[in-house]
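**Student:** Next up is a structure, given as structure tokens.
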Amino acid sequence: MSQLEFVQGNIACGKGAIAAGCTFFGGYPITPSTEVAEYMAAALPKIEGGCFIQMEDEIAGIACAIGAAWTGARSMTATSGPGFSLMMENIGYAFMTETPCVIVNVQRGGPSTGQPTMAAQGDMMQARYGSHGDYSIIALCPATVQECFELTVKAFNLSDQFRCPVFVMTDEIIGHMRERILIPDSVEIIRPKPAKPTDLPFGTDESDIPGFLPFGSGQRIHVTGLTHDERGYPDSSSYQRHEMLIKRLVHKIESRRHEIADYEIVNPDAKIIFICYGVPARTVQQLAAQDKAIGYLRLRIVWPFPEEVLKQFKNVTTFIVPEMNLGMISREIERHTAIPVVSVGKIGGDLHTAQELQEVANAYKTAGGQR
Amino acid sequence: MRTEIRFAGFGGQGIVTAAVIFGKAAAIYADKYVVQTQVYGPEARGGSATSAVVLDDADILYPKVTDPDIYVIMSQDSFDKYGTKAKSDAIVVLDSGLVHDRPNCTYYEVPASRVAKEELGRVIVANIIMLGALVAATGVIGREALKEGILSSVPKGTEELNLKAMTQGFEIIEKIKA
Amino acid sequence: MKAQVKEDWFRKDRLPHIFCVGCGNGTIINCVVDAVFHLDLDIDKTVFLSGIGCSSRAPGYMASDSLHTTHGRALAFATGVKLGRPEFDVIVYTGDGDLAAIGGNHFIHACRRNIDMTVVCMNNQIYGMTGGQGSPCTPIGKLSTTTPYGAQETPFDLCELAVGAGANYVARWTSYHVKELRNAVITGIETPGLSFIEVLCQCPTSFGNKNKIGEGVEHASYLRKNAMLLQKARRMEEEGKKIPPETFIVGEYVKRSRPVMGGKT
């Protein structure tokens, strides 16, 4: 039976994970994400094969989540800014080794210890570029508690489909606020494309995504963070090998960014178009309900960035981008469009108000897009 | 219609718990759209505690409380911080034993902590008395919904005590209104 | 699947290995393979893991599933593998730099949890792969590229650390003591909980030459000559005698049955 619940965003992420069949959580408690770990600590031991472990730090948290993923478990961790920073090396490892895993990042004010109990969207670039080297990931941004549930489920599916780490980039406001959510009887589950034991572990067809067999399947796979060949064997001194591998790993995600894309468009013919994601989208939606002269694009998946979508706004004179940072995704938008992009960054933990955004919109309505 | 409610008091009074129970009652049993938020800080007990609930018949977009229509206030400190800013058509439900000032709007004096301690023997249920009073005073959700919200939230074995507290809250307001 | 011959445990198409002439790692890997072959472990239910360093290349030569992870983090990854599939035999190859420096905290906590796995630490007292920098196990006075005037810091006693942190089985041998080492690995795998086996290991390229110990054979011979049985060392301590510098105390430090995490049920 589907059921209604009144829960925090963090709990909804946990419930989404359980609904998606997650059986492993490894992590380290950190404000404001701790409720995710607490929920999983209570829920996983009740599930057959379920395992929760509180590790010694976030580095170990993501490490054991990756280890468990190789045993075939749907595996996750959850953290916030400082912990996310610590995880970066192993996130690169998960990308390099094509390990499916889900990381929930309940963003708080940074840098450093910053504002543990206040919301931010300051990790959006770190999610995309935080580990060293060229890579690509998928990042989802819920704007409601219901979406915390739904996008966590989706994160597991994308992670398995594309064999890469997937981030659920929520924030302190969404993580801690309570809303009514509908938990369905069951959710769609997409597991990795299976491999045959005789397949080369990192060999691919035209999909660029290798089939997956967990440890113990007889494939006898060697997994390494070193540059490797289709067998998984290290080959780190070859220019060609490295280029081939990294291009494939990036391409398998970036070439499908329009298929991965998940967004909502309202009033695309408006001259003033807001582009938003996560909790500030709620203010934009409120404004759009009052002011019919504006439209918006709300991204539920920010990375990979679906730049083709920007072409749908035929009359736009100004893109306005409210973010709880000093302008991160606004820069990504800027590099894909000739239309002026106005960043409305707000930091400190408070959300943009409709009035603040109305004033910005009004200024550009009359200015006709001139900065 | 959007209704914003601010709950405030000091840590240990169950301010956040009251807001969560009320939010659950409204969201699950009164079929309202609800957003409940709270302020997180390093203090656990004795410091200020506040939580907010937004109710609406339609989707709630902007989730934060900006100018509350209703206040539930359980300490003088939180009255100083929030109650003094209440708009003229706001309704304030206050714990009359703990809040000494009175606002410049409609208010209800509810001796919740005293009644909880002296008549129910457990000061901990003062917050539930306040919820009963809130619902009786404002009618923002039905009494039955509040009852269901309380029953589905409180620990097993405490249902009777909590329902008594809720009823005390109803009765205090009924006497004031009579 | 079970191995028919010992060689079945090796990933033959990965050989020859990358270790230097005279390196002790091959001997140690051989002892571990001897142990798993003797115990008739299922190749498909055994996972080798490692971090980064010379020792950490070893899983790449094993025929089973293997995870070559990030520097210092092998035990954390291994925790996930073991908890994901408790029926697996999990064996971690690591080195002194990987385990005791960057991975020190994971080491302590893996011992504290007493998670059911076997950890073989090839202690060459140096960072070998990167050209011989000092490690937390470089003895006072020894030369490395980052201790050009001789190491100044007191090194870790990894076995005492593992005992203190709670591992169920702890032993130290050298790459010379092949029979004892093989038996220690067997005991380690058989003992529920975390088994820690430290193996002093020659590294002529980065340690032996620089410190005038010599090439591989001389270095192995140096390990043999300077080895002292734990019982003797304890006796000398009791008698108030000083244990000479550069002594490698070898033997079984502990074998006990503290509560175990992730054991086979």
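**Student:** Select from segment A:206-219 the residues that are more than 26 Å from the chain's Cα centre (by Cα) and surrounded by fewer than 17 Cβ atoms within 10 Å (Cβ to Cβ) and write down the one among them that is farthest from A:Phe162 (Cα to Cα).
**Tutor:** Going through segment A:206-219, the residues more than 26 Å from the chain's Cα centre (by Cα) turn out to be A:215-219.
Now narrow it down to the ones that are surrounded by fewer than 17 Cβ atoms within 10 Å (Cβ to Cβ): A:217-218.
Numbers: A:Ser217: 20, A:Gly218: 22 Å.
This residue is A:Gly218.
**Student:** Filter segment A:286-329 for residues that are assigned to a helix (DSSP H, G or I) and either surrounded by 21 or more Cβ atoms within 10 Å (Cβ to Cβ) or basic (Lys, Arg) (or both) and give the result. Show your work before the answer.
**Tutor:** Step one: list which residues in segment A:286-329 are assigned to a helix (DSSP H, G or I), which gives A:286-290, A:307-312, A:329.
Hits for segment A:286-329 are A:Leu287, A:Ala288, A:Lys311, A:Ile329.
**Student:** So for segment C:192-202 (the condition being in contact with a strand residue (DSSP E or B) (Cβ under 7 Å, 6 or more places away or on another chain), closer than 17 Å to C:Asn123 by Cα, surrounded by fewer than 19 Cβ atoms within 10 Å (Cβ to Cβ) and of a type outside the set (A, V, I, L, M)), does at least one residue qualify?
**Tutor:** There is no residue in segment C:192-202 that is in contact with a strand residue (DSSP E or B) (Cβ under 7 Å, 6 or more places away or on another chain), closer than 17 Å to C:Asn123 by Cα, surrounded by fewer than 19 Cβ atoms within 10 Å (Cβ to Cβ) and of a type outside the set (A, V, I, L, M).
**Student:** Given the residues C:Arg182, C:Arg172, which is the only one that is among the basic types (Lys, Arg) and not in a strand (DSSP E or B)? Even if it seems obvious, please write down each step before you answer.
**Tutor:** Numbers: C:Arg172 fails: not in a strand (DSSP E or B).
Answer to the selection: C:Arg182.
**Student:** To continue, here is another question. Which of the residues that make up segment C:91-123 are surrounded by 19 or more Cβ atoms within 10 Å (Cβ to Cβ) and in contact with an Asp or Glu (Cβ under 7 Å, 6 or more places away or on another chain)?
**Tutor:** Hits for segment C:91-123 are C:His106, C:His109, C:Cys121, C:Asn123.
**Student:** Counting residues that are free of Cβ contacts under 8 Å to residues at least 40 places away in the same chain, within 14 Å of chain C (Cβ to nearest Cβ) and in contact with a Leu (Cβ under 9 Å, 6 or more places away or on another chain), which strands (runs of 3 or more DSSP E) fully inside segment A:133-236 reach at least 2? Let's see the steps before the verdict.
**Tutor:** Details: elements: A:138-140, A:165-171, A:178-183, A:222-224.
So the answer is none; nothing clears 2.
**Student:** Only one of (1) modelled with pLDDT of 95 or more; (2) within 23 Å of C:Thr70 (Cβ to Cβ) fails for A:Pro192. Which number is that?
**Tutor:** Here A:Pro192 meets the rest and fails (1).
**Student:** Moving to a separate point now. From (1) surrounded by fewer than 24 Cβ atoms within 10 Å (Cβ to Cβ); (2) touching a residue at least 24 places away in the same chain (Cβ under 8 Å), pick out the condition that doesn't hold for C:Ile28.
**Tutor:** Checking C:Ile28 against (1) surrounded by fewer than 24 Cβ atoms within 10 Å (Cβ to Cβ); (2) touching a residue at least 24 places away in the same chain (Cβ under 8 Å), the one that fails is (1).
**Student:** How about segment A:220-266: which of its residues are surrounded by 16 or more Cβ atoms within 10 Å (Cβ to Cβ), within 25 Å of A:Ile320 (Cβ to Cβ) and more than 17 Å from the chain's Cα centre (by Cα)?
**Tutor:** Within segment A:220-266, A:Val266 is the sole residue that qualifies.
Each row is one residue, and each column tells you yes or no for (1) farther than 16 Å from B:Gly14 by Cα; (2) in a strand (DSSP E or B).
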{"residue": "B:Thr84", "(1), (2)": "yes, no"}
{"residue": "B:Lys87", "(1), (2)": "yes, no"}
{"residue": "B:Val92", "(1), (2)": "yes, yes"}
{"residue": "B:Asn104", "(1), (2)": "yes, no"}
{"residue": "B:Lys117", "(1), (2)": "no, no"}
{"residue": "B:Val140", "(1), (2)": "yes, no"}
{"residue": "B:Asn162", "(1), (2)": "no, no"}
{"residue": "B:Gly169", "(1), (2)": "no, no"}
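**Student:** Kindly provide the set of residues from segment C:19-38 that are more than 14 Å from C:Ile197 (Cα to Cα) and β-branched (Val, Ile, Thr), ordered by number.
**Tutor:** Within segment C:19-38, C:Val21, C:Thr27, C:Val33, C:Val36 qualify.
**Student:** I've got another one for you. Considering (1) assigned to a loop (DSSP other than H, G, I, E, B); (2) at the interface with chain A (Cβ under 9 Å from one of its Cβ atoms); (3) free of Cβ contacts under 8 Å to residues at least 40 places away in the same chain; (4) in contact with a strand residue (DSSP E or B) (Cβ under 6 Å, 6 or more places away or on another chain), say which one B:Leu61 fails and leave the rest.
**Tutor:** The single condition B:Leu61 does not satisfy is (4).
**Student:** Residues A:Met40, A:Met1: which one is at pLDDT below 95 and more than 14 Å from A:Asn105 (Cβ to Cβ)? Lay out the reasoning, then the answer.
**Tutor:** Values: A:Met40 fails: at pLDDT below 95.
So the residue among A:Met40, A:Met1 that is at pLDDT below 95 and more than 14 Å from A:Asn105 (Cβ to Cβ) is A:Met1.
**Student:** Considering C:Ser257, C:Ser221, which residue is more than 18 Å from the chain's Cα centre (by Cα), farther than 20 Å from C:Cys23 by Cβ and among the small types (Gly, Ala, Ser)? Lay out the reasoning, then the answer.
**Tutor:** Values: C:Ser221 fails: farther than 20 Å from C:Cys23 by Cβ.
Of C:Ser257, C:Ser221, the one residue that is more than 18 Å from the chain's Cα centre (by Cα), farther than 20 Å from C:Cys23 by Cβ and among the small types (Gly, Ala, Ser) is C:Ser257.
**Student:** B:Arg6 fails exactly one of the following numbered conditions: (1) closer than 24 Å to A:Asp171 by Cα; (2) within 14 Å of another protein chain (Cβ to nearest Cβ); (3) of a type outside the set (Asp, Glu); (4) touching a residue at least 60 places away in the same chain (Cβ under 8 Å). What is the number of that condition?
**Tutor:** (2)
The values are calculated or read from the model by the stated rules, or taken from the named source; none is laboratory data. Since the model is a prediction, treat every value here as computed from it, not as a measurement. As a convention, Cβ positions derive from the backbone with ideal geometry for all residues, glycine included, and neighbour counts pool all protein chains shown.
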